[in-house]
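The structure appears right after this line, and notes come after that.
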Amino acid sequence: MTYTLTLQDIALVTHDTYQLTFNRPEDFEFEAGQATELTLQKEGWKDESRPFTMTSRPNDKHLEFVIKSYPDHDGVTEQIPTLGMTDQVKVADPFGAITDHGPGVFIAGGAGITPFISILRKQQEDGTSGSHLIFSNKTDKDIILQELWQSMPGVETTFVVSDQKDTAHVKGRLDKEMLRDLIGDTGQPFYICGPGGMVDDVRSALKEMGVAEGRIYTEDGW
């Protein structure tokens with residue numbers, strides 16, 4: 001089934017990432033962390049659907065997406081900054097393997113943070129706490145919604161920055177040694193989302209640390 005959404009607001013949240021707010025159809029239901037195939041209703045783009053995660057909570061009255069624009073990809077995300085009020089998109093039924101399995105360790109790389117926005121917001125609403133967000137980016141300015149994470153009750157945050165020498169955050173590459181320093185309990189849920197290579201490396205590192213495969217939740221295709 002497809003649904004037509006109308007853009008109600010668009011805001012810049014980093015130098016290249018946008019928060020888009022749409023109306024929500026009454027019968028559009030999803031779980032925190034799930035995504036949908038989104039198609040811009042612009043000439044030349046109506047056959048170009050792409051998966052994007054809903055970053056609003058399942059019970060919010062609106063639908064929200066946080067989308068990073070990649071101008072060098074010459075694709076759908078390059079069009080995001082050109083959208084304006086009342087522009088429309090079509091979305092399909094939601095899907096996705098990353099959903100809420102309770103407080104745990106959330107490990108994100110870049111735009112891979114998006115499934116965790118809805119899940120952690122939902123956990124906060126539900127009064128559950130004890131999650132740890134480990135968020136890796138190239139530079140400080142790439143950290144999406146940094147103030148939200150730092151102000152979210154019950155969530156420990158660790159920002160890892162790989163390509164900026166003067167960062168005040170943890171500097172380096174998110175590898176097994178760093179994960180060993182950051183993670184204590186290996187029996188809790190572990191959520192991973194980001195570039196494919198990063199997800200594979202982190203998953204392998206967690207398994208070597210003794211985390212059971214059934215406690216690791218990832219999304220293929222990011």
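The values are calculated or read from the model by the stated rules, or taken from the named source; none is laboratory data. A quick note: this is a predicted structure, and the numbers were derived from the prediction, not measured. Positions of Cβ are backbone-derived with ideal geometry, glycine not excepted, and every protein chain shown enters the neighbour counts. These area figures cover heavy atoms from the full protein model, side chains too; ligands, DNA and RNA do not enter into them. Shrake-Rupley method; radii C 1.70, N 1.55, O 1.52, S 1.80 Å.
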*Rounded, prolate or oblate: pick one for the stretch 114-212, where a ≥ b ≥ c are the square roots of the eigenvalues of its C-alpha gyration tensor, a/c under 1.5 means rounded, and failing that, prolate if a/b is larger than b/c, else oblate.*
oblate
_Nearest-10 value in Å² for the accessible area of L206, using the 1.4 Å probe_ = 0 Å²
*asked:* Please compute the per residue accessible area over the stretch 18-155 with all protein chains in place, 1.4 Å probe, rounded to a whole number of Å².
replied: 42 Å²
_Using only the alpha-carbon atoms of the stretch 84-156 as identical scatterers, what base-10 log of I(q)/I(0) does the Debye formula give at q = 0.21 Å⁻¹?_
-0.96
*Scattering curve values for the stretch 27-153, log₁₀ I(q)/I(0), Debye with Cα scatterers, q = 0.12 Å⁻¹*: -0.49
*With respect to the cross-link table entries K141/K171; K68/K138; K90/K141; K122/K207; K61/K122, which display a Cα-Cα separation exceeding 23 Å?*
K90/K141; K122/K207
*Counting only C-alpha contacts under 8 Å and six or more residues apart, can you give the relative contact order of the stretch 45-131 as a whole percent?*
32 percent
_Computed Rg/Rh of the chain, alpha carbon atoms with Kirkwood Rh_ = 0.96
_Where Y3, Y18 fall by accessible area, highest first, once all protein chains stay in place (1.4 Å)_ = Y18, Y3
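May I ask for the longest run of the chain untouched by GluC sites (Glu not before Pro) that are loop-located per DSSP and have at most 13 neighbouring C-beta atoms (other than their own) within 10 Å?
49-222
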*Portion, in percent, of the accessible area of the chain that falls on carbon or sulfur, probe 1.4 Å*: 45 percent
*asked:* Calculate log10 I(q)/I(0) of the stretch 170-209 for q = 0.27 Å⁻¹, where I(q) comes from the Debye formula with a single equal point scatterer on each Cα and nothing for solvent.
replied: -1.06
*Cα convex hull of the stretch 1-76: mean projected area in nm², to one decimal?*
5.5 nm²
*Averaged over all directions, how much area does the convex hull of the C-alpha atoms of the stretch 43-82 cover when projected, in nm²?*
3.6 nm²
_Beta bridge orientation in the chain: antiparallel %, DSSP, nearest 5_ = 55 percent
*Figure the gain on full extension for E29 and L148 (residue separation times 0.36 nm, minus the Cα-Cα span) and round it to one decimal in nm.*
40.4 nm
*Pop a pseudo-label 7 angstrom from the Cα along the beta-carbon direction at both A92 and D140 and give the gap in nm to one decimal.*
4.2 nm
